[in-house]
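The values are calculated or read from the model by the stated rules, or taken from the named source; none is laboratory data. Everything quoted here is computed from the prediction, not taken from an experiment. We place every Cβ from the backbone using ideal geometry, glycine too, and count neighbours over all the protein chains shown. What goes into the accessible areas is simple: the full protein's heavy atoms, side chains included, and nothing from ligands, DNA or RNA. Shrake-Rupley method; radii C 1.70, N 1.55, O 1.52, S 1.80 Å.
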Amino acid sequence: MRKRIRISTVLQYIALVLLSVFIISPFLWLLIMAISSSADLTTKPLRWIPAQVDFSSFKELFTLGANSRGEVFLYALRNSLTTAITAVFISMIAIIPAAWVFSRFPGRKNLVLSLAIFTFMLPPIAYCIPLYKMLVRFNLMDNSFSLAIVYCTIILPFCAWLIKESIDGIPYELEEAAIIDGAGLFHRIRDIVLPLLLPALGTVALMAVIMAWDEYFYALLFTNSKNSMTLPVVIANLASGRQSNYGLIAAGGVLASAPPIILGMVFQRALIKGLITGGVKE
Amino acid sequence: MIAVMGIVIGYPLFQTVLYSFTNADLLGIEAPSFVGFSNFTSAFSDRGFLQSLRISGIFGIAVVTAEVLIGTAVALLLNEPLRGTGIVRVLLILPWAVPTIVNAIMWRLIYNPEYGALNSLLYQLNFIDKYISWLSSADKALGAIIVADIWKNFSLVAMIVLASLQALPEPQVEAAKIDGANGWQRFVNITLPHIIPSLQVAMVLRIIEAVKVFDIIYVMTKGGPANKTRSASIFIYQEAFTNSRIGSGSAFAMIMVAFIIALILTYLRLLQKRGR
């Protein structure tokens, strides 16, 4: 009996090691490529460990020269940040009262919520054409702010759903007490609901930022210069050239992944909790 | 907020429906005219479109099945009392956090026909005797993309299932042990029913994402070689923005929406049956 248990434990450890290798190796390779010289990356067969550590790719991406790759990259970094933060900020302001209504007055208004969640399931391709024409007509193409507004369409339904679940968890009696004390609607939300909601809001905002950071389709359609191109677009462009500098592409990829990876690892518990609340009571 | 949603989703959706009955072009050179259902009827005889729907379907089924199986297995493994699971749990967030585009490009570099890591690895281990161009061979490209997608997204399923496993009531498991249930029986009768709700959520999320797949394929192959990886979203994108035929593009998009709604309704129906 004891021997059988030991064999299964050994197998489990082997599986654990294989899993770790599976998770780490592709990204580790990206890291290695980012610090290899292009000579090392174009030998055949491959040199797995670079002859010397070469940070020139990172240096190039962080050098701000006119029309250089560095310029495009740094602008994209700025655009990604402003777009994501603007989109999440607008969504949060719009979402709190809406989620409160969804939670406190169920009934016909939940139809609106269902519709909102439903839009989450639709492919963006189904409404990007009119959006494109609208942005062209109002001269709003290639503009971080309009891209942020478009991102609200992805973020809003998702947030409405998660935040409504959290408001459901706040006892209505607390609000009733405030009504008796003569507090108005605005004060009730600001003084009672909002403080209790803060942790959930933080999680949702974090997830929304990562979603906006990740978005490619709309950014591809609606941006075309360094004024508003976001990181995913710039990185995809870097890689689509015929003469590719592999180290440079890898360095761009590493830099673009760093913020979500760091955020994800630091706030892992909160994120998973968010995923679960969004999930369980669907 | 309802107004905002109405403007940015409702109105465009309505417009798409309108466009789908016209022969509108992207730049509006000619005034669009009403063409009735002809866009829809021609869609069903358009081989490219039908093939793209099939590719989206194959992609969706393959990645969701694999991600659910691998994700659940990983969650079960990480729930065991082993040393080092804490570290691996933190690692698990890595694939999820890597942006989709970076993931696509990372795998493109790995699959590179001349200097890619995969070719070099397989060659040095003597599994292959000459380098393979993974993403430009018609029979391997889709599979290669599917592997890349699985790497990124199995972790989401694993995290959701793992969280639900940790909420598994311990006394139940203990009671079953005392009653003499073996590991497999405990899994089927206690663990599995407990994790199924969260597994379903993970599945719905993944199916929705997988069927409308665009970016990972677009960056890895742009739909090639020979359109063997052209998903429905890529096909419609090309129709509307490359060929600038937004009338028929909108019609294709509406059909795709109908396809997705049917998929979700079937799924919900199945769930209800099981619930009873």
Check: Roughly how many Å² is the accessible area per residue of the protein assembly as shown, as a whole number, for a 1.4 Å probe?
Finding: 47 Å²
Next item on the list: Take the solvent-accessible surface of the protein heavy atoms, probe 1.4 Å, and return the percent of it on the range A:59-280 that carbon and sulfur atoms account for.
Entry: 66 percent
Checklist line | Distance (nanometres) between label positions extended 7 Å along Cα→Cβ at B:Ala258 and A:Thr82 | finding: 4.3 nm
Note to self: Considering only protein heavy atoms and a probe of 1.4 Å, how much of the accessible area of the range B:55-246 is carbon and sulfur, as a whole percent?
What the structure shows: 60 percent
Check: Calculated from DSSP H runs of 4 or more alone, at -39500 (n - 2.57) each and per residue, what is the 222 nm mean residue ellipticity of chain A, nearest 500?
Finding: -24500 deg cm²/dmol
Margin query: Rounding to the nearest 10 and keeping the result within 0 to 90°, find how far the Cα-based axis of helix B:141-166 lies from the longest principal axis of chain B.
Written below: 50 degrees
Notebook entry, point to check: Within 10 Å of each Cβ of B:11-22, how many other protein chain Cβ atoms are there on average?
Noted result: 4
Item checked: Gain on full stretching of the segment that runs from A:Met265 to A:Leu185 - 0.36 nm per residue minus C-alpha separation -> 25.0 nm
Check: Which whole number gives the average count of other chain Cβ atoms within 10 Å of the Cβ atoms across peptide A:21-29?
Finding: 6
Checklist line | Flagged links, alpha-carbon separation over 20 Å, of B:Lys152/B:Lys212; B:Lys140/B:Lys222; A:Lys273/B:Lys212 | finding: A:Lys273/B:Lys212
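How long are the semi-axes of the ellipsoid equivalent to the range B:55-246, from square roots of 5 times the Cα gyration tensor eigenvalues, in whole Å, largest first? Numbers along the way, then the final one.
Working: eigenvalues 276, 91, 37 Å².
Gyration-tensor ellipsoid for the range B:55-246: 37, 21, 14 Å.
Rounded to the nearest 500, what is the 222 nm mean residue ellipticity of chain B from helices alone, with -39500 (n - 2.57) per DSSP H run of 4+ residues and division by all residues? Before the final figure, lay out the partial values.
Details: 15 runs with 184 residues, N = 276.
Result for chain B: -21000 deg cm²/dmol, rounded to the nearest 500.
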Margin query: Springs between alpha-carbon pairs under 10 angstrom, Gaussian network model over chain A: which of A:Asn143, A:Asn245, A:Asn67 fluctuates most?
Written below: A:Asn67
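Between A:Thr42 and A:Leu140, what is 0.36 nm times their sequence separation minus the Cα-Cα distance? Round to one decimal in nm. Mind showing how you got there, number by number?
On the way: separation 98, 0.36 × 98 = 35.28 nm, distance 4.29 nm.
Going from the current span to full extension adds 31.0 nm.
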Next item on the list: Would you look at the GNM of chain B, springs on alpha carbons closer than 10 Å, and say which of B:Leu265, B:Leu135, B:Leu168 moves the most?
Entry: B:Leu265
Notebook entry, point to check: Anyone know which of B:Ser20, B:Ser137, B:Ser45 comes out most mobile in the 10 Å Cα GNM of chain B?
Noted result: B:Ser45
Next item on the list: Take each uninterrupted DSSP H stretch in chain A, measure its Cα extent along the helix axis, and return the ones at 30 Å or beyond whose mean Kyte-Doolittle hydropathy is at least -0.5.
Entry: A:2-34, A:69-104, A:144-168
Check: Taking both sides together, what accessible area is buried at the A/B interface, probe 1.4 Å, expressed in Å² and rounded to the nearest 100?
Finding: 7300 Å²
